[in-house]
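Asker: Would you mind keeping the following structure in view while I ask a few things?
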Amino acid sequence: MAATAEKPSGLGLYGKFAFAGAVCCSVTHGALTPVDVVKTRIQLDPVTYNKGMIGGFRQVVANEGAGALLTGFGPTAAGYFLQGAFKFGGYEFFKQQCVNQVGVENASQYRTPIYLASSAAAEFFADIALCPLEATRIRLVSQPTFASGLASGFSKILSQEGIGSFYSGFGPMLFKQVPYTMAKFVVFEKVSEAIYRNFDKNTLSDGTKTTINLGSGLIAGFAAAIVSQPADTMLSKINKTPGAPGEGTVSRLAKIGKELGLRGSYAGIGARLFMVGTITAGQFAIYGDVKRLLNVTGGVEIAK
């Protein structure tokens with residue numbers, strides 16, 4: 001079919017894309033908080049938590065009670081609400097800017113670089129919003145007695161360590177999230193394109209479209225998890241405790257990377273494949289459904 005590109009305009013429409021992205025990310029990440037707790041424990045203390053994901057669940061419940069599995073739920077839901085808004089809304093925005101610059105036909109021909117560039121730009125701004133809340137979440141998970149929740153944990157870090165401590169993990173977060181998001185969006189777009197090439201999209205039911213989004217999102221999630229796992233482990237490590245006086249972020253990252261090695265950087269990959277695959281499938285399904293509810297189906301579509 002001929003290349004087409006919807007041309008959203010105005011903050012109202014991009015606001016709807018952002019809201020749909022905020023909802024899908026907050027719901028999925030919040031729902032999988034227990035998996036994230038176990039995954040983070042495996043990354044931070046692989047000697048103790050050495051029985052895999054199911055064994056990790058049992059260890060956390062046995063040692064701290066079932067309530068510990070919801071540690072960090074507040075900053076997770078809030079942080080990913082903000083991140084999702086910037087990520088999905090920004091992705092649509094930056095794709096449209098690329099189309100405006102090069103034209104629809106060129107955008108369609110070179111759509112893979114556009115997917116990659118747009119997702120990277122969107123994720124950069126999303127991470128600025130997410131980083132302080134992610135730092136708070138990791139501190140709550142790694143140190144269960146540190147604070148009682150989001151507000152107390154956030155204010156304690158701010159008062160004791162300063163605002164800069166919230167961004168001590170910004171480098172590894174970018175290193176993790178930007179490749180993660182690039183893989184996530186480009187694989188989703190490519191898988192969706194391959195599926196829709198065999199159907200007339202306009203004749204498919206909403207349920208079928210949701211199913212396609214789920215399947216494409218699952219494959220995209222697996223790819224994204226594998227690409228970003230080493231940086232995810234480093235992010236957990238660097239936020240576990242404050243650095244030594246005068247120790248810079250780069251030197252901390254170098255030390256952590258040397259300690260981990262390749263094998264250590266993939267600690268918890270099983271739990272993360274399950275978590276990210278589920279999250280990403282859910283995100284794209286919910287994103288599509290919320291857009292339909294808001295009457296903004298589609299987006300900036302440049303597939304042939």
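Asker: Of all residues being under 24 Å from P132 (Cβ atoms) and part of a loop (DSSP other than H, G, I, E, B) in region 46-101, which is modelled with the highest pLDDT? Just the residue, please.
Answerer: T71
Asker: Residues Q101, Q143, Q96, Q109: which one is touching a Ser or Thr at 6+ places or on another chain (Cβ under 9 Å), more than 24 Å from M234 (Cβ to Cβ) and either crowded, with 18+ Cβ neighbours inside 10 Å or not aliphatic (A, V, I, L, M) (or both)?
Answerer: Selected residue: Q96, the only one of Q101, Q143, Q96, Q109 that is touching a Ser or Thr at 6+ places or on another chain (Cβ under 9 Å), more than 24 Å from M234 (Cβ to Cβ) and either crowded, with 18+ Cβ neighbours inside 10 Å or not aliphatic (A, V, I, L, M) (or both).
Asker: Turning to a different aspect of this structure: Is it the case that V300 is at pLDDT below 80, among the hydrophobic types (A, V, I, L, M, F, W, C) and buried (at least 16 other Cβ atoms within 10 Å of the Cβ)?
Answerer: The answer is yes for V300.
Asker: OK, next. Residues in region 27-44: is at least one surrounded by fewer than 14 Cβ atoms within 10 Å (Cβ to Cβ) and not in a helix (DSSP H, G or I)?
Answerer: no
Asker: Within the bounds of region 126-143, is there any residue that is over 25 Å from T33 (Cα atoms) and over 19 Å from the mean Cα position of the chain (by Cα)?
Answerer: No - not one qualifying residue is present in region 126-143.
Asker: Right, another one. If you check every pair at least six apart or on different chains, which have Cβ atoms under 8 Å apart with a residue in region 61-84 that is free of Cβ contacts under 8 Å to residues at least 40 places away in the same chain and within 29 Å of Q177 (Cβ to Cβ) first and a residue that is surrounded by fewer than 24 Cβ atoms within 10 Å (Cβ to Cβ) and of a type in the set (A, V, I, L, M, F, W, C) second?
Answerer: Qualifying pairs under 8 Å: L69/F57; L69/V60; L69/V61.
Asker: Further question: Could you tell me whether region 244-255 includes any residue that is modelled with pLDDT under 75, closer than 21 Å to D36 by Cα and either crowded, with 19+ Cβ neighbours inside 10 Å or within 18 Å of the chain's Cα centre (by Cα) (or both)?
Answerer: There is no residue in region 244-255 that is modelled with pLDDT under 75, closer than 21 Å to D36 by Cα and either crowded, with 19+ Cβ neighbours inside 10 Å or within 18 Å of the chain's Cα centre (by Cα) (or both).
Asker: Please work out if T136 is at pLDDT 85 or above and over 19 Å from A78 (Cβ atoms).
Answerer: So T136 does not fit the description; no.
Asker: Which residues, counting only those in region 142-164, are outside any loop (DSSP other than H, G, I, E, B) and out of contact with any Leu (no Cβ under 8 Å at 6 or more places or on another chain)? Talk me through it step by step, then tell me what you get.
Answerer: To start, the set of residues in region 142-164 that are outside any loop (DSSP other than H, G, I, E, B) comprises 142, 150-161, 163-164.
A151, S152, S155, K156, I157, L158, S159, Q160, E161, I163, G164, listed by residue number.
The values are calculated or read from the model by the stated rules, or taken from the named source; none is laboratory data. These numbers were taken from a predicted model, which means no experiment stands behind them. Positions of Cβ are generated from backbone atoms using ideal geometry, with glycine treated the same way; all protein chains shown enter the neighbour counts.
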